[in-house]
Structure formats: structure tokens, C-alpha cells
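Derivation of every value follows stated rules applied to the coordinates shown; laboratory data play no part. Quantities reported herein were computed from a predicted structural model and do not represent experimental measurements. Backbone-built Cβ (ideal geometry, glycine too); neighbour counts: all protein chains shown.
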Amino acid sequence: MGKAKVNMVIRFLKGMQAEKVNVLGTEEACEDNELIQKVIEDIELFYEAELEE
């Protein structure tokens, strides 16, 4: 996918986590943000070699 795109997707997902907290509040966003964090970690592991370049 390319390092720039991977980083862009991760930034988007982190922004989504922040937006969920802003809209839903910390408590209600917690479960969603945990799922999003798992996706971020999965992307980082899958594209690990590209991110190191």
C-alpha cells in the first residue's frame, strides 16, 4: 500500500477515535475505540516492513 497511505489510514483512524470521544463521551466511546485500536495495531503489524523503510 505504501508508507504514506498506511500512515494516512492510521492518522484517520486515530482522528476517528478522538471524534468518537468528542461526540459520545469517553465512557461510551471506550468500546468502539478499543476496536479501532485493534485495527490500527493489525495494520501496523501487517505493513510493518513498509513502515520501517
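Listing for the model above:
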{"quantity": "Over the chain, volume per residue of the alpha carbon convex hull, in Å³", "calculated": "60"}
{"quantity": "Helix-only CD estimate at 222 nm, as mean residue ellipticity for the chain, using -39500 (n - 2.57) per DSSP H run (n ≥ 4)", "calculated": "-30000 deg cm²/dmol"}
{"quantity": "Listed residues GLY25, GLY2, TYR47: farthest to the positive end of the dipole of the chain (Cβ charges)", "calculated": "GLY2"}
{"quantity": "Cβ charges +1 (Lys, Arg) and -1 (Asp, Glu), total dipole of the chain, debye", "calculated": "300"}
{"quantity": "With Cα atoms, 0 to 90° folded angle of helix 3-24 axis to the chain main axis", "calculated": "0"}
